[in-house]
Amino acid sequence: MQPTVVKMSQPFVSLCPEITRSDALQVMHWLDNEAVIRYLADSRDVSASIGRALSRVHLPILTHVFNHGGRFFMAFDRRDRPVGFVRLVNAPSHCEMVTVIGDRENWGRRLGTSAIHQGMKLAFMEMRVKTLIAKIQPENIRSLKAFLGCGFSHACETPLLTSLSMTAERYRALLGTGMFLGSSEIFITEIDKGRLTELMEEHEASVVDLEYEVARAIVVRSENVTADVVTLNSRALVQMDGQSVEVVLVYPDEEDPATGKLSVCSEVGTAILGCKAGDSFAWRVGGRTRHISILQVLYQPEAAGHFHL
């Protein structure tokens with residue numbers, strides 16, 4: 001699960017759980033850089049360990065090699081270029097997050113902050129962890145600022161290590177505040193939220209991104225939603241990578257891609273839910289980043305007084 005709505009002028013990172021041989025070689029390259037590994041506690045032998053694994057395992061996909069003890073994700077920018085990685089390491093009482101932006105030219109662009117946001121979404125929405133921590137060396141000012149800016153709070157501190165934490169409860173409370181980087185406002189009606197909540201309870205394992213979008217959405221009464229918002233059963237003109245297409249946002253049992261009816265549980269359907277005409281954002285679809293714009297809402301049930309839809 002990688003998607004995120006983001007204004008085109010804002011930093012963007014998506015996380016991919018599949019690790020290819022090329023990704024592994026890229027990670028080795030980053031971990032051979034002293035500037036990159038300076039603050040990584042377990043980094044000295046990691047590059048060599050990856051090299052040994054590559055020599056033993058002659059497969060194009062190496063996800064299983066990287067997922068020992070937790071989950072490993074490659075981080076990509078809006079042009080689908082690898083820029084770093086995120087590790088979520090399992091422990092008995094918590095999950096630890098490690099983030100790395102690999103190339104110096106990408107430092108200071110807030111890609112690390114975007115990667116933290118995506119890591120939190122995966123940890124809390126998909127892995128269902130209760131507490132997420134980050135262990136950071138006190139002199140690593142850049143990382144401390146990034147995690148604190150994402151809502152983490154001080155847990156404990158020693159001369160060698162500062163531990164920051166985020167709980168699932170705090171994370172969900174912060175989702176609705178709009179504080180997370182790159183999350184443009186989206187709106188859903190009270191009726192749609194109720195229906196979507198029921199839908200998510202039935203399909204919990206497959207609608208993580210939808211759950212995230214509903215959790216962060218601004219909820220409004222049906223009669224108060226503006227006519228330019230994509231609500232359920234709305235028909236909209238959408239542009240994807242420069243190509244315009246007319247779509248209708250529907251519930252899963254009404255899905256019919258041949259006629260433009262997109263399920264709200266589909267990647268693009270979840271992407272456009274609650275967006276307004278004029279919104280442009282990046283969203284990872286089918287393993288690559290798509291650039292999506294809402295050109296026009298052609299029909300909205302609420303604007304037409306069709307509140308029963």
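The values are calculated or read from the model by the stated rules, or taken from the named source; none is laboratory data. In this text, all values refer to a predicted model and were calculated from it rather than measured experimentally. Here Cβ is always computed from backbone atoms with ideal geometry, including for glycine, and neighbour counts include all displayed protein chains. Each accessible area value is taken on the protein alone, full model and side chains, heavy atoms only, with ligands, DNA and RNA left out. Shrake-Rupley method; radii C 1.70, N 1.55, O 1.52, S 1.80 Å.
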Filter result (buried (at least 20 other Cβ atoms within 10 Å of the Cβ) and touching a Lys or Arg at 6+ places or on another chain (Cβ under 6 Å)) within the range 134-182: Leu175
Test for Ser183: is it modelled with pLDDT under 95 and hydroxyl-bearing (Ser, Thr, Tyr): yes
Would you mind telling me which numbered condition in (1) open to solvent by 30 Å² or more (accessible area, probe 1.4 Å); (2) out of contact with any strand residue (DSSP E or B) (no Cβ under 7 Å at 6 or more places or on another chain) Val208 fails? (1)
Members of the range 29-64 found to be within 30 Å of Arg142 (Cβ to Cβ), open to solvent by 40 Å² or more (accessible area, probe 1.4 Å) and either assigned to a helix (DSSP H, G or I) or acidic (Asp, Glu) (or both), listed by number: His29, Asp32, Glu34, Asp42, Asp45, Val46, Ala48, Ser49
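Residue by residue, here is whether (1) β-branched (Val, Ile, Thr); (2) touching a Cys at 6+ places or on another chain (Cβ under 7 Å); (3) within 27 Å of His117 (Cβ to Cβ); (4) touching a residue at least 40 places away in the same chain (Cβ under 8 Å) holds:
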residue	(1), (2), (3), (4)
Ser184	no, no, yes, yes
Glu198	no, no, no, no
Glu201	no, no, yes, no
Leu237	no, no, no, yes
Gln243	no, no, no, no
Val248	yes, no, no, no
Lys261	no, no, no, no
Cys265	no, no, yes, yes
Thr270	yes, no, yes, yes
Please enumerate the residues belonging to the range 230-249 that are within 14 Å of Ser280 (Cβ to Cβ) and among the small types (Gly, Ala, Ser). Ala236, Gly242, Ser244
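Do you know which residues across the range 207-246 are of a type outside the set (Val, Ile, Thr) and in a helix (DSSP H, G or I)?
Keep residues of the range 207-246 that are of a type outside the set (Val, Ile, Thr), which gives 209-213, 215-217, 221-224, 227-228, 232-237, 239-244, 246.
Within the range 207-246, Asp209, Leu210, Glu211, Tyr212, Glu213, Ala215, Arg216, Ser222, Glu223, Asn224 meet the criteria.
Residue by residue, here is whether (1) more than 16 Å from the chain's Cα centre (by Cα); (2) under 17 Å from Ala173 (Cα atoms) holds:
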| position | (1), (2) |
| --- | --- |
| Val98 | no, no |
| Gly102 | yes, no |
| Arg109 | yes, no |
| Ala115 | no, no |
| Phe124 | no, yes |
The residue from Met74, Met97 that alone is surrounded by 19 or more Cβ atoms within 10 Å (Cβ to Cβ), part of a strand (DSSP E or B) and touching a Cys at 6+ places or on another chain (Cβ under 6 Å) is Met74
